[in-house]
1. From the list Gly227, Gly267, exactly one residue is among the small types (Gly, Ala, Ser) and not assigned by TED's automatic domain parsing to the domain that holds Asp125. Which is it?
2. For the range 251-297, give me each residue that is assigned to a helix (DSSP H, G or I), at negative phi and crowded, with 17+ Cβ neighbours inside 10 Å.
3. Could you look through the range 164-174, keep only residues that are surrounded by fewer than 24 Cβ atoms within 10 Å (Cβ to Cβ) and not in a loop (DSSP other than H, G, I, E, B), and pick out the one that is farthest from the chain's Cα centre (by Cα)?
4. Looking only at residues in the range 24-40 that are modelled with pLDDT of 95 or more and aliphatic (A, V, I, L, M), which one is farthest from Lys104 (Cα to Cα)?
5. State the number of residues belonging to the range 147-163 that are touching a residue at least 40 places away in the same chain (Cβ under 8 Å) and assigned to a helix (DSSP H, G or I).
6. Applying the selection to the range 182-214, what residues are of a type in the set (Lys, Arg) and within 22 Å of Glu127 (Cα to Cα)?
7. Criterion first (out of contact with any Lys or Arg (no Cβ under 9 Å at 6 or more places or on another chain) and either loosely packed, with under 15 Cβ neighbours inside 10 Å or farther than 19 Å from Ala301 by Cα (or both)) does Asp90 satisfy it?
8. So, of the residues in the range 51-65 that are without any contact (Cβ under 8 Å) to a residue 40 or more places away in the chain and under 17 Å from the mean Cα position of the chain (by Cα), which turns out to be surrounded by the most Cβ atoms within 10 Å (Cβ to Cβ)?
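The values are calculated or read from the model by the stated rules, or taken from the named source; none is laboratory data. Remember, it's a predicted structure, so these values are computed and weren't measured experimentally. Quick reminder, even Gly has a Cβ in these numbers, built from the backbone with ideal geometry, and neighbours come from all protein chains shown.
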Amino acid sequence: MSNVIEKFHCLIIGSGPAGYTAAIYAARAGLKPVMYTGLLQGGQLVNTTDVENYPGYPKGILGPEMMEDFKNQAERFGTDIRFGMATKVDFSVSPKKVWIDDEKLVEADAVILATGAEAKWLGLDSEKRLNGSGVSACAVCDGFFYRNQEVAIVGAGDTACEEAIYLAKLCTKVHMIVRREEMRASKIMQQRVLDTKNITVYWNSETDEVLGKNTVEAVRIKNNKTGEKTEIPVTGFFVAIGHKPNSDVFKDFITTDTEGYVTTVAGSAKTNVEGVFACGDLQDKVYRQAVTAAGTGCMAALESERWLSEKGIH
């Protein structure tokens with residue numbers, strides 16, 4: 001591992017709505033931020049088609065195009081955006097040390113973590129092929145596109161129940177696929193699902209295949225007890241089996257909850273390490289929206305600026 005050292009006042013790790021917003025604010029504050037984008041430049045939104053719920057885009061916008069707008073705005077104010085992935089950190093020292101792609105060592109006074117979270121998928125080839133063409137991991141993001149249509153959702157936790165109920169308000173019918181004969185969700189959420197007339201729950205069932213050539217046309221499920229397979233005509237297929245925050249590389253230094261989400265001080269982007277801030281889906285398991293991620297990115301940048309100023313670092 002070579003030690004090619006560069007030193008920055010403000011380093012941003014990650015490049016979704018949170019990272020880019022942090023970059024815009026940090027750059028305008030004169031912090032000369034450097035961003036390492038990670039492998040997926042633009043985060044989860046680059047795998048999204050139409051985004052219609054972000055303010056300022058009255059006609060909607062494609063996810064990749066939106067992230068390009070964010071990137072251009074960050075660069076306009078002087079953010080140094082680089083392709084690379086943080087593979088190791090040492091936050092026990094000041095300045096903080098971060099290794100990029102296992103080979104380049106950089107140092108930073110303040111670090112903003114914006115590495116996001118990844119949706120967990122079933123692992124089907126058809127699910128991957130139709131991702132963005134009827135397959136989604138966010139009902140709140142994409143449910144609107146399936147108004148007055150039939151959809152399926154797979155999952156059994158509180159989030160799956162919440163999303164099923166949300167979809168039921170938009171769609172004529174929601175087919176909920178549950179692997180066991182009971183849900184993991186809280187009793188109250190389970191009851192709300194069962195009380196919703198246009199939700200049908202398929203117990204002891206797994207997704208065998210998502211069907212459709214260019215868009216989702218149906219889902220084939222398999223009953224785990226009988227082996228019987230059933231095809232359900234749907235136009236949308238939602239996966240709600242959880243998310244995995246991209247926090248592994250920071251865990252030796254940064255406090256996380258049991259699911260791996262970075263713990264921040266209530267009402268702030270501060271972590272347990274002074275001078276390290278976290279924003280976006282990396283620390284938000286409740287909302288997981290582009291607009292809320294952008295808001296916490298703003299918070300992280302403002303708090304970084306304040307912290308650097310208090311420390312007399314210019």
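1. Just one listed residue meets the conditions, Gly267.
2. Filtering the range 251-297 for residues assigned to a helix (DSSP H, G or I) gives 280-282, 290-297.
Those still in the list that are at negative phi too: 281-282, 290-297.
Once the filter is applied, which keeps residues that are assigned to a helix (DSSP H, G or I), at negative phi and crowded, with 17+ Cβ neighbours inside 10 Å, the range 251-297 yields Asp281, Leu282, Ala290, Thr292, Ala293, Ala294, Gly295, Thr296, Gly297.
3. Lys173
4. Once the filter is applied, the top-ranked residue is Ala29.
5. Residues meeting the conditions: 3.
6. First pass over the range 182-214, keeping only residues of a type in the set (Lys, Arg): 184, 187, 192, 197, 213.
Correct list: Lys213 only.
7. Numbers: out of contact with any Lys or Arg (no Cβ under 9 Å at 6 or more places or on another chain): no; either loosely packed, with under 15 Cβ neighbours inside 10 Å or farther than 19 Å from Ala301 by Cα (or both): yes.
Considered against the rule, which asks whether it is out of contact with any Lys or Arg (no Cβ under 9 Å at 6 or more places or on another chain) and either loosely packed, with under 15 Cβ neighbours inside 10 Å or farther than 19 Å from Ala301 by Cα (or both), Asp90 comes out as no.
8. Narrowing the range 51-65 to residues without any contact (Cβ under 8 Å) to a residue 40 or more places away in the chain: 56-65.
With under 17 Å from the mean Cα position of the chain (by Cα) added as a condition, the list becomes 62-64.
Details: Leu62: 16, Gly63: 21, Pro64: 16.
Looking at residues that are without any contact (Cβ under 8 Å) to a residue 40 or more places away in the chain and under 17 Å from the mean Cα position of the chain (by Cα), I get Gly63.
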